[in-house]
Every structure is written in structure tokens, then in C-alpha cells.
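Asks: Pasting a structure here, questions to come.
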Amino acid sequence: MAIPNKVMTGFSASLFMQSGATPTPLTTANLSVWTAQVAGIVGTVANGTGVTGVAVNVEAVPAFGQDDAMANFTIAGSRQSDKIPTQSAPTSLTITAPWNPADASLLLIRGDAYSGVVDRTFVIAAVDGVNTVAYAFNGRVSQFQIDSQPSAEAKCVFTIHPRGNQYGWSNNT
Amino acid sequence: MTLKAAIKTLSTTYQSLDLVAQGCVVDAAEVDAALKAAEPDSVDVVCLQVLAKYNPYVPKPKVTEK
């Protein structure tokens with residue numbers, strides 16, 4: 001499916017995730033399929049919620065992608081050394097959210113972190129008008145912390161570690 | 001490997017599609033034809049695109065008789 005031919009100036013991103021307690025994450029190929037796959041999590045309406053997904057209220061969506069991984073080689077006699085990309089790791093997403101013990105998505109995330117072995121599909125959705133560009137990936141949650149200092153509203157911080165190679169892009173138009 | 005089996009393998013794996021597709025040797029012409037007929041935004045297209053990457057279809061050049 002063609003990518004929308006439009007530059008999203010300063011787009012805002014939102015985070016969605018599968019809503020089941022024991023979800024079956026999308027397969028690698030299905031992470032790139034919008035219809036009936038990613039759309040089921042994000043919803044067919046921009047910023048909606050799909051039948052198998054739920055929105056996660058987060059302060060901000062952090063950077064995602066891959067971490068730098070390269071080897072630096074010294075070459076005798078050459079002014080410059082050489083940098084060769086090597087196997088890279090997916091970027092972990094450390095996310096802050098307002099802590100609400102009644103929030104269904106945060107309770108699922110807390111449960112995932114307690115387990116440590118729950119694979120779940122997450123979707124970062126960039127929305128422009130009624131159109132959505134989605135980055136879907138499978139990941140596990142860890143490092144779930146609740147910070148309830150009296151000087152500020154209670155918040156929770158958790159880290160999503162994406163599984164290697166399990167990501168895909170899709171869009172609704 | 002049949003194309004159907006390759007698509008099934010690719011559509012159900014959680015491994016890297018590139019890595020798995022490299023091990024799927026299929027008929028390039030069949031992949032090309034299936035890709036043209038496949039519905040956009042389907043899992044078949046995703047699988048066929050990665051199969052086509054490692055099984056490129058090169059049409060036979062037309063030979064003109066003198």
C-alpha cells in the first residue's frame with residue numbers, strides 16, 4: 001500500500017497496544033499489514049481504538065528504531081579510520097505515564113512487567129487529519145515503577161524492549 | 001519449495017523476514033505472477049515482496065529471427 005505523499009509537520013504520535021491479557025502478537029509479516037491486523041489495534045478511525053487494542057495514555061512517545069552498533073577499524077597509513085555497522089539492537093522505549101490504578105492499559109503493562117515473558121504488539125500511530133501511519137512492533141515490558149512523590153502527580157515509568165526484527169510499517173490509505 | 005508453503009512459512013514466522021526468505025527457494029516467475037495478482041495491503045503481498053527480493057524474476061529476452 002502506498003505511503004501517503006505528505007510531510008507531517010511536527011506530527012503527534014500516540015501509543016496503542018493489544019488489549020488481551022495473554023495476547024497473540026502479530027507475526028512479523030502481519031506487522032506490515034494495516035487491514036484487519038494493525039487496524040484492529042489502532043482502529044479504523046484516526047486516534048480511535050480497534051477491537052483488539054487499547055490506547056495507552058503516555059506523556060510522550062520516545063524515540064524508536066535501532067541503537068547504534070558499529071566497529072571502528074584502524075587502517076594503517078590512512079588519515080581516517082573506518083566505521084562498519086554491525087548487528088544493532090532495537091531501541092528500548094522508556095515511557096512515563098500518569099499512574100491511574102484503574103487504567104486498563106497500565107494494569108496490563110504492569111502485569112506484563114511482573115511476568116517478563118509476555119510478547120505483545122504495540123503500535124505507534126502518527127495521525128494527520130483522518131489518516132494514520134503506523135509503526136507496529138512486538139515487545140516485552142520491564143522496569144515498571146510507580147513514582148508517587150508528594151510534590152507531583154503520581155506517575156509510572158516502564159520500559160518496552162522491542163523484539164528483534166519484529167516490526168513493520170503500515171498506513172490506512 | 002512451493003510458493004504456497006513459502007508464503008505460509010513467512011506469514012507465520014516471528015523471525016526476520018529477510019533471513020527466512022533467503023532459505024525459501026521458489027520459482028521466480030511464479031512469485032512475479034502472484035505479486036501482480038495479489039491484493040494490496042495483504043500478508044501475501046508482504047511475503048511475496050520479500051520473496052521477490054531473493055528470487056528476482058528476469059524475463060527471457062525476445063529472440064528475433066532473421
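The values are calculated or read from the model by the stated rules, or taken from the named source; none is laboratory data. As the structure is a computational prediction, the values presented were derived from the model and not from experiment. Please note: Cβ atoms are built from the backbone with ideal geometry, for glycine as well, and neighbour counts cover all protein chains shown.
Asks: From B:VAL31, B:VAL50, grab the single residue that is under 25 Å from A:SER88 (Cβ atoms), assigned to a helix (DSSP H, G or I) and in contact (Cβ under 8 Å) with a residue 12 or more places away in the chain.
Replies: Values: B:VAL31 fails: under 25 Å from A:SER88 (Cβ atoms).
None of the others qualify; the one that does is B:VAL50.
Asks: Here is a follow-up. Sort through A:ALA125, A:ALA136 and tell me the only one that's aliphatic (A, V, I, L, M) and modelled with pLDDT under 95.
Replies: On the way: A:ALA136 fails: modelled with pLDDT under 95.
Result: A:ALA125 is the single residue among A:ALA125, A:ALA136 that is aliphatic (A, V, I, L, M) and modelled with pLDDT under 95.
Asks: Still on this structure, please answer the following. Give segment A:70-99 a look and list any residue that's free of Cβ contacts under 8 Å to residues at least 24 places away in the same chain, surrounded by 10 or more Cβ atoms within 10 Å (Cβ to Cβ) and assigned to a loop (DSSP other than H, G, I, E, B), or say none.
Replies: Matches in segment A:70-99: A:SER88 only.
Asks: Next up: Checking A:GLN145 against (1) under 27 Å from A:SER32 (Cα atoms); (2) modelled with pLDDT of 95 or more, only one condition comes out false. Which one?
Replies: So the condition that A:GLN145 fails would be (1).
Asks: Does at least one position in segment B:17-32 carry a residue that is facing chain A (nearest Cβ under 8 Å) and closer than 22 Å to A:ALA39 by Cα?
Replies: Taking every residue of segment B:17-32 in turn, at least one turns out to be facing chain A (nearest Cβ under 8 Å) and closer than 22 Å to A:ALA39 by Cα.
Asks: Can you name the strands (runs of 3 or more DSSP E) wholly within segment A:102-173 that have at least 2 residues being more than 14 Å from chain B (Cβ to nearest Cβ), out of contact with any Asp or Glu (no Cβ under 8 Å at 6 or more places or on another chain) and surrounded by fewer than 16 Cβ atoms within 10 Å (Cβ to Cβ)? Talk me through it step by step, then tell me what you get.
Replies: Numbers: elements: A:120-128, A:131-147, A:155-171.
The qualifying strands (runs of 3 or more DSSP E) are A:131-147.
Asks: Since B:TYR57 meets every condition but one in (1) touching a residue at least 24 places away in the same chain (Cβ under 8 Å); (2) assigned to a helix (DSSP H, G or I); (3) hydroxyl-bearing (Ser, Thr, Tyr), which condition does it not meet?
Replies: (2)
Asks: A further question on this structure: Mind checking which pairs have a first residue in segment B:13-24 that is assigned to a loop (DSSP other than H, G, I, E, B) and a second that is small (Gly, Ala, Ser), Cβ under 6 Å, 6 or more apart or different chains?
Replies: B:CYS24/B:ALA6
Asks: Report every pair of residues separated by at least 6 positions or lying on different chains whose Cβ atoms are under 7 Å apart, first residue within segment A:33-50 and crowded, with 16+ Cβ neighbours inside 10 Å, second acidic (Asp, Glu).
Replies: These pairs meet every condition: A:VAL33/B:ASP41; A:TRP34/B:ASP41; A:THR35/B:ASP41.
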